[in-house]
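The next block holds one structure in the form of structure tokens; read it before the comments.
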Amino acid sequence: MITTNGLTKVYQSRDREVTALDGVDLHVREGEVYGVIGQSGAGKSSLIRCVNLLERPTAGTVTVDGVDLTALAGNGRRANKALREARSRIGMVFQHFNLLSSRTVQANVELPLEILGVSGKERTRKALELLDLVGLGDKAKAYPQQLSGGQKQRVGIARALAGDPKVLLSDEATSALDPETTRSILQLLRDLNQQLGLTVLLITHEMDVVKTICDSAALMKKGKIVESGTVSELLATPGSELAHELFPVGGTASAPDHTVVDITFHGAAAGQPVISQLARTYNIDISILGAAMDTVGGRQIGRMRIELPGRFEENVVPIGFLREQGLQVDVVDPNAATSIPAQLVKEGAK
Ligand SMILES: Nc1ncnc2c1ncn2[C@@H]1O[C@H](COP(=O)(O)OP(=O)(O)OP(=O)(O)O)[C@@H](O)[C@H]1O
Ligand SMILES: [Mg+2]
């Protein structure tokens, strides 16, 4: 539904160039919620602004719903009619809501419809329908300053849906909200994704957001996508930094001649008593150093870090047993165990 090829953005300032996007190939499938995560300055906002051509890419192409937006945009500095039309099929939600304070809630939602030249009556009908959809049917006549942050973001989402978009882009939509409101907004995005078949591309620096609603995720660093895939694929990738961030497990070997392994459980394997089977079958004492279990996309997924007595060479058979049970087993290098990837999560919103 959204594809970028070699997307590159170089900002020119007076004395230097900043490469914010460095050949990004992104592929978001129809109907999925896709999260892009990365540290501040990684290029996340640049990516989302290039996807709807709010920002002109320096090179590369952007295709949304089969339309090559980069070709539509041409070379002119201002958006032409074809691009404006294509863009109306892409909704955008912002961190700071970007509502007009002089307009009522309803008039804010009507704004994009006015720009599209929709008649007054039809605008009203559509705006009220959308406000109902986001749970604000009774706030049509209120002004933004009379709303809570979560309510303002609901208005922002209703406005983004005005052009019946197939794609919703969200740049840190929940970063200015408290945890409980964040959950309710994420739930709303999930509901819209399911009810309307909306494809959602969201940018966040919070791993929890990815965990709560994303089907797929990508990790950005210095303008590049360094990892991407469905959450299950990522968890099945040995050494995946995203998987580690989604399911952090810590702990180091208690003695140099012990072996530490990370086990990832998905689906049916998550319900099996594999650890006790392992202990009984090989008569070994197993220590659990850390564990994280969660439900992702309705599936039970988890990771566990365990310690087995003896060096790796002595544990080849028990590790083979775990793999035979359909589990993914990664042996933690004792030297690398202390260098667990830096936390992505930064404190609060900027
Ligand atoms: N309009 C601009 N002019 C010049 N440089 C810019 C511009 N916008 C962004 N940059 C630079 O491009 C890089 C990527 O910025 P971007 O805003 O895309 O990062 P981000 O991942 O969204 O960060 P954050 O999490 O802080 O929002 C940064 O080095 C930034 O300083
Ligand atoms: Mg940003």
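Values in this text are rule-based calculations from the coordinates and carry no lab data. If you're wondering where the values come from, they're calculated on a predicted model, not measured in any experiment. All Cβ positions, glycine included, derive from the backbone under ideal geometry; neighbour counts span all protein chains shown.
Taken over the alpha carbons of region 1-149 as equal point scatterers, the Debye sum produces base-10 log I(q)/I(0) values at 0.14, 0.15, 0.18 Å⁻¹ of -0.85, -0.95, -1.16.
The label-point distance for LYS224 and ASP257, in a model that sets each label 7 Å from Cα toward Cβ, rounds to 4.3 nm.
Using r as the Cβ-Cβ distance of HIS27 and GLU129, and R0 as 45 Å, what FRET efficiency do you calculate, to the nearest 0.05? E between HIS27 and GLU129, to the nearest 0.05, is 0.90. Which pairs, out of LYS44/LYS211; LYS44/LYS139; LYS81/LYS221; LYS44/LYS166, put more than 24 Å between their alpha-carbon atoms? The pairs that break the limit, which is 24 Å between Cα atoms, are LYS44/LYS139; LYS81/LYS221.
The packing ranking of peptides 120-129, 148-157, highest mean first, is 148-157, 120-129, where packing means the average number of other beta carbon atoms within 10 angstrom of each residue. From the Kirkwood radius over Cα pairs of region 132-246, Stokes-Einstein at 25 °C and 0.890 mPa s returns a whole-number translational diffusion coefficient of 159 µm²/s.
Percentage of Cα-Cα pair distances in the chain greater than 40 Å, rounded to whole percent? That tail contains 24 percent of the Cα-Cα pairs. Radius of gyration over Kirkwood radius for region 1-63, both on Cα atoms: the Rg/Rh ratio is 0.99. The alpha carbons of region 92-193 occupy a box of 39, 30, 20 Å along the principal axes, longest dimension given first. Distance from the Cα centroid of region 139-160 to that of region 109-128 is 16 Å (rounded to whole angstrom). For the pair LEU100 and GLU114 in one chain, pulling the backbone fully straight at 0.36 nm per residue adds 3.6 nm over the alpha carbon distance.
Highest mean packing first, where packing is the average number of other Cβ atoms within 10 Å per residue, the peptides 314-326, 53-65 line up as 53-65, 314-326.
Note on TYR143 and THR295: the extension gain reaches 50.9 nm, defined as 0.36 nm multiplied by sequence separation minus the Cα-Cα distance. Multiplying the residue separation of ASN80 and THR281 by 0.36 nm and removing their Cα-Cα distance gives an extension gain of 65.4 nm. In order along region 157-166, the Karplus-derived 3J(HN,Hα) couplings, from 6.51 cos²θ - 1.76 cosθ + 1.60 at θ = phi - 60°, round to 6, 4, 4, 5, 8, 4, x, 6, x, 9 Hz, and Gly and Pro are given as x.
Principal axis analysis of the Cα atoms in region 247-331 yields extents of 39, 25, 17 Å, listed in decreasing size. Between amide H atoms placed 1.01 Å from N, distances below 5 Å from GLY41 occur with no residue 5 or more places distant or on a separate chain. Size of region 29-115 from its Cα atoms: along the principal axes, largest to smallest, the extents are 40, 34, 28 Å. Packing around the peptides 275-282, 228-235, taken as the average count of other Cβ atoms within 10 Å per residue, puts them in this order, highest first: 228-235, 275-282. Sequence-ordered 3J(HN,Hα) estimates for region 18-32 from the Karplus curve with 6.51, -1.76 and 1.60 and θ = phi - 60° stand at 10, 8, 7, 10, 10, x, 8, 10, 10, 9, 10, 7, 4, x, 9 Hz, glycine and proline given as x.
With the convex hull drawn over the C-alpha atoms of region 98-149, the volume per residue is 79 Å³. Coupling constants for region 64-70 follow from the phi torsions by the Karplus curve (6.51 cos²θ - 1.76 cosθ + 1.60, θ = phi - 60°), and in residue order they are 10, 6, x, 9, 7, 5, 5 Hz; glycine and proline get x. The Rg/Rh ratio for region 54-103 is 1.04, where Rg is the radius of gyration of the alpha carbons and Rh is the Kirkwood radius. Using the Cβ-Cβ distance between GLU122 and ASP68 with R0 set to 25 Å, the FRET efficiency works out to roughly 0.25.
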